[in-house]
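The structure appears right after this line, and notes come after that.
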Amino acid sequence: MRTRLFTVSALVGILAAAAGGQPPEFKTFASTEGRYKAVFPGAVKTDTFPIKNDKGDLTLTIDLVELRAGTSFMVTYIDAPDDVAKQPAEGRLNKVRDGNKGTDGKVTSDMPLTLGAEKHPGRDVLIEKADGCIRNRIVIAGNRLYQVMVQGPKDVVTSASADKFIDSFEITK
């Protein structure tokens, strides 16, 4: 019991420190262009990055909240070309997982899921690296690939705050 209380207290302290002394305030963020909504622990900053490849120019969008202590909460999305979108979801999900893992990571959890009434295919993945962890909900909705991610120390990416963020993700019309 003491260990559990200490762990909870430590987590609250980490999140409070990450937010500048205050626990993060979660607010709903709705992206019309991204066609999703989620609750983020702070003000969302949006960036777009051009991705050039042999199939044409793509745009990666990242909606991000960075907290202190190397912790970030983000949703990314990119629209795949038609020929890529027609490939089986499992292979595409594997590539995203493996890309996030890199050569120095270890996948410690990888659970298939479906999201929404449309039953979009996805995965919940936890990756441990030397410099922290990545918790990622990867979802494919038609041509669009979403990643709902928390990056930081393991106790943060597996916390109730991370659960709240990841579980709040919803694809909209």
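I'm trying to understand the selection: among the residues of region 58-82, which are of a type in the set (A, V, I, L, M), within 18 Å of the chain's Cα centre (by Cα) and outside any loop (DSSP other than H, G, I, E, B)?
Correct list: 60, 62, 64, 65, 67, 74, 75, 78.
Scan region 139-173 for residues that are closer than 19 Å to residue 78 by Cβ and of a type in the set (Phe, Trp, Tyr) and jot them down.
Answer for region 139-173, where residues must be closer than 19 Å to residue 78 by Cβ and of a type in the set (Phe, Trp, Tyr): 146, 169.
Test of understanding: among 126, 67, which residue is at pLDDT 95 or above and of a type outside the set (D, E, K, R)?
On the way: 67 fails: at pLDDT 95 or above.
None of the others qualify; the one that does is 126.
Look through region 46-83, keep the residues that are closer than 14 Å to residue 31 by Cβ and among the acidic types (Asp, Glu), and return whichever of them is surrounded by the most Cβ atoms within 10 Å (Cβ to Cβ).
63
Could we say that residue 43 is surrounded by fewer than 17 Cβ atoms within 10 Å (Cβ to Cβ), modelled with pLDDT under 95 and either in a loop (DSSP other than H, G, I, E, B) or touching a His at 6+ places or on another chain (Cβ under 9 Å) (or both) here?
Spelling it out, it is not the case that residue 43 is surrounded by fewer than 17 Cβ atoms within 10 Å (Cβ to Cβ), modelled with pLDDT under 95 and either in a loop (DSSP other than H, G, I, E, B) or touching a His at 6+ places or on another chain (Cβ under 9 Å) (or both).
Could you grab me the full set of residues in region 142-161 that are within 20 Å of residue 116 (Cβ to Cβ) and free of Cβ contacts under 8 Å to residues at least 60 places away in the same chain?
142
Please go through region 30-64 and give me each residue that is under 20 Å from residue 134 (Cβ atoms) and either touching a helix residue (DSSP H, G or I) at 6+ places or on another chain (Cβ under 9 Å) or charged (D, E, K, R) (or both), ordered by number.
Correct list: 38, 39, 40, 41, 45, 47, 63.
The values are calculated or read from the model by the stated rules, or taken from the named source; none is laboratory data. It should be emphasised that the depicted structure is a prediction, and the values quoted were computed from it without experimental measurement. Counting neighbours? That spans all protein chains shown, and the Cβs are built from the backbone with ideal geometry, glycine included.
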